[in-house]
Amino acid sequence: MSIDRFIIKKLDSCHEQHTRLNLLKLFKLRIQKAEKEEERNYKTS
């Protein structure tokens, strides 16, 4: 299972507010990292 799917699965089942916020922050960071990598790859193509 990919880390992204794991985070989404945990978000779906998690009821603790603090843990949910941390999972959302982590997911947001992963999205931003992927966007930067995509931009970098687009510029070099």
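Rule-based calculations on the coordinates, nothing more; no lab input. No experiment lies behind these values; they were computed from the predicted model shown. Cβ sites come from the backbone with ideal geometry, for glycine too, and all protein chains shown count toward neighbours.
Tell me whether segment 26-44 contains one or more residues that are of a type in the set (Asp, Glu) and not in a helix (DSSP H, G or I). Among the residues of segment 26-44, not one is of a type in the set (Asp, Glu) and not in a helix (DSSP H, G or I), which makes the answer no. If the condition is being surrounded by 10 or more Cβ atoms within 10 Å (Cβ to Cβ), without any contact (Cβ under 8 Å) to a residue 12 or more places away in the chain and in a helix (DSSP H, G or I), then segment 1-25 contributes 6, 9, 19, 20, 21, 22, 25.
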